[in-house]
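The values are calculated or read from the model by the stated rules, or taken from the named source; none is laboratory data. Worth saying up front: this structure is predicted, and the values here are computed from it rather than measured. Reconstructed Cβ throughout: ideal geometry from the backbone, glycine too, with neighbour counts over all protein chains shown. Please note that ligands, DNA and RNA were not included when accessible areas were found on the heavy atoms of the full protein model with its side chains. Shrake-Rupley method; radii C 1.70, N 1.55, O 1.52, S 1.80 Å.
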Amino acid sequence: MSVTQLTFHGLRNLAPLTIHPSPRINVIYGVNGSGKTSLLEGIHILGMGRSFRTRQLKNAIQSEAPYMTLHGRLAGEPEVTLGVRRMRSQRELELRLRGEKGVRLAELVEAMPLQLINPDAFRLLEGSPAGRREFLDWGVFHVKHHFLEAWQRTRRAVKHRNALLRRGRIVPSEIAVWEQELALWGERMDALRQAWFSEFLPVFDETLKKLLPLPGLTLRYARGWDKQRSLADVLHDSRETDQQMGFTQQGPQRADLRIRLNKQPAIEVLSRGQQKLVVSALKLAQGRLLESTAQRHCIYLIDDLPAELDEHHRRRFCALLEEMQCQAFITSVEPSALSDVWQPTTAVEMFHVKHSAQGLSQCQPGG
């Protein structure tokens with residue numbers, strides 16, 4: 001599934017725009033500060049309901065504008081429409097899918113699978129486990145049925161158990177209810193994660209070899225508690241120490257992906273360019289697995305692809321994108337860095353983002 005039309009109003013420094021992107025490769029170029037990343041941000045908000053640049057979505061609304069509206073059309077029979085509206089005076093997002101209001105954010109995310117590769121993507125290696133769990137759960141959500149229910153119920157059980165731990169005196173009968181709930185749904189969530197990871201790992205290994213062969217690099221899933229014990233036993237036995245800490249220390253909410261090179265944390269031994277390729281392999285493997293298991297295509301948002309990659313590895317990256325038959329939106333300061341890396345048969349559209357006399361940036365096809 002690819003985006004056939006994007007219409008944005010009130011997004012940062014961008015003038016109102018409507019573009020019809022290529023179903024394959026879209027290169028967005030312009031000088032720094034012109035609004036290239038803002039275009040990617042708009043697509044991200046449209047498909048994820050949140051920005052990758054700010055926690056406060058109102059900050060993405062154009063200065064002095066009362067609201068921001070983002071609309072898109074996805075190829076299909078019938079075509080799928082989706083929209084997001086954010087009023088400056090309100091915190092809630094207005095979501096539309098197929099012309100209907102009141103849809104859940106999860107429905108929007110499912111309709112438009114997105115993967116972002118930008119400077120923040122390095123957090124998969126150097127950041128906290130939370131970012132790697134988000135990456136993990138994105139993959140499981142799009143491939144494994146019933147994961148969303150397990151995730152929601154697990155999160156709810158952890159929240160209630162933590163509240164009881166912080167209350168002071170523990171009433172065994174009360175906390176046992178939520179431990180039973182957490183054990184049930186946490187084990188189910190872990191089983192789905194493990195099943196997905198067993199499918200993902202060989203795809204990741206193959207993808208990494210295409211980008212940057214790294215013998216000795218390993219990727220391991222850690223479920224968040226002792227693999228030799230049931231979650232129910234762990235929760236029961238850790239009540240006292242958890243109460244002292246004020247939160248549940250073990251469980252699926254502590255899961256992680258461990259990335260090592262020759263038994264050392266990968267972040268400590270890889271160069272910046274190698275880190276970018278490893279992160280890219282993780283992200284591209286997500287899309288490749290989605291294609292093979294669910295027959296759906298992921299849409300890639302790639303901010304400043306040429307940065308930290310030499311020409312050889314840039315060409316490898318682009319060749320893999322072409323092989324995947326996916327849609328990609330790629331930014332670059334210099335269009336020449338990405339002008340001759342594609343096969344003649346690949347549909348490539350160029351969009352030039354530049355400042356206008358009115359002070360807003362305009363996105364023009366061709367350039």
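Structure above, values below:
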read-out: Residues of region 86-135 classified as in contact (Cβ under 8 Å) with a residue 24 or more places away in the chain, within 30 Å of Y67 (Cβ to Cβ) and among the acidic types (D, E), total; value: 2
read-out: Criterion: within 22 Å of F147 (Cα to Cα) and open to solvent by 20 Å² or more (accessible area, probe 1.4 Å) - qualifying residue of Q250, Q228; value: Q250
read-out: Members of region 134-161 found to be buried (at least 17 other Cβ atoms within 10 Å of the Cβ) and not in a helix (DSSP H, G or I), listed by number; value: K144
read-out: Residue in region 210-217 that is open to solvent by 70 Å² or more (accessible area, probe 1.4 Å), over 26 Å from the mean Cα position of the chain (by Cα) and farther than 30 Å from C318 by Cα present; value: no
read-out: Leading residue by the ranking (surrounded by the fewest Cβ atoms within 10 Å (Cβ to Cβ)) among those in region 260-277 that are in contact with a helix residue (DSSP H, G or I) (Cβ under 9 Å, 6 or more places away or on another chain) and over 19 Å from A222 (Cα atoms); value: R272
read-out: Residue check for D242: within 30 Å of I170 (Cα to Cα) and open to solvent by less than 10 Å² (accessible area, probe 1.4 Å); value: yes
read-out: All positions within region 338-367 that are open to solvent by 80 Å² or more (accessible area, probe 1.4 Å) and out of contact with any helix residue (DSSP H, G or I) (no Cβ under 8 Å at 6 or more places or on another chain); value: D340, P344, T345, K354, H355, A357, Q358, P365
read-out: Failed condition for R123, given (1) at pLDDT 90 or above; (2) outside any strand (DSSP E or B); value: (1)
read-out: Selection count where residues are touching an Asp or Glu at 6+ places or on another chain (Cβ under 8 Å) and of a type in the set (K, R), scope region 289-331; value: 0
read-out: Tabulated pairs, region 13-35, first farther than 18 Å from K354 by Cβ, second among the small types (G, A, S), C-beta under 6 angstrom, 6+ apart or interchain; value: S22/A347; P23/S2; R24/A347; I25/A328
read-out: Selection status of F247, assigned to a helix (DSSP H, G or I) and among the aromatic types (F, W, Y); value: no
read-out: Region 308-337 - residue that is in a loop (DSSP other than H, G, I, E, B) and within 20 Å of the chain's Cα centre (by Cα) and, of those, surrounded by the fewest Cβ atoms within 10 Å (Cβ to Cβ); value: Q325
read-out: Subset of region 94-110 [open to solvent by less than 50 Å² (accessible area, probe 1.4 Å) and touching a helix residue (DSSP H, G or I) at 6+ places or on another chain (Cβ under 8 Å)]; value: L95, L97, A106, L108, V109
read-out: Count of residues meeting criterion [surrounded by fewer than 19 Cβ atoms within 10 Å (Cβ to Cβ) and of a type outside the set (S, T, N, Q)] in region 117-133; value: 10
read-out: A328, sole failed condition from (1) more than 19 Å from Q115 (Cα to Cα); (2) among the hydrophobic types (A, V, I, L, M, F, W, C); (3) touching a helix residue (DSSP H, G or I) at 6+ places or on another chain (Cβ under 9 Å); value: (1)
read-out: Test: V234 is part of a helix (DSSP H, G or I), open to solvent by 70 Å² or more (accessible area, probe 1.4 Å) and among the aliphatic types (A, V, I, L, M); value: no
read-out: Residue count for region 257-301, restricted to those that are among the acidic types (D, E) and farther than 21 Å from E323 by Cβ; value: 1
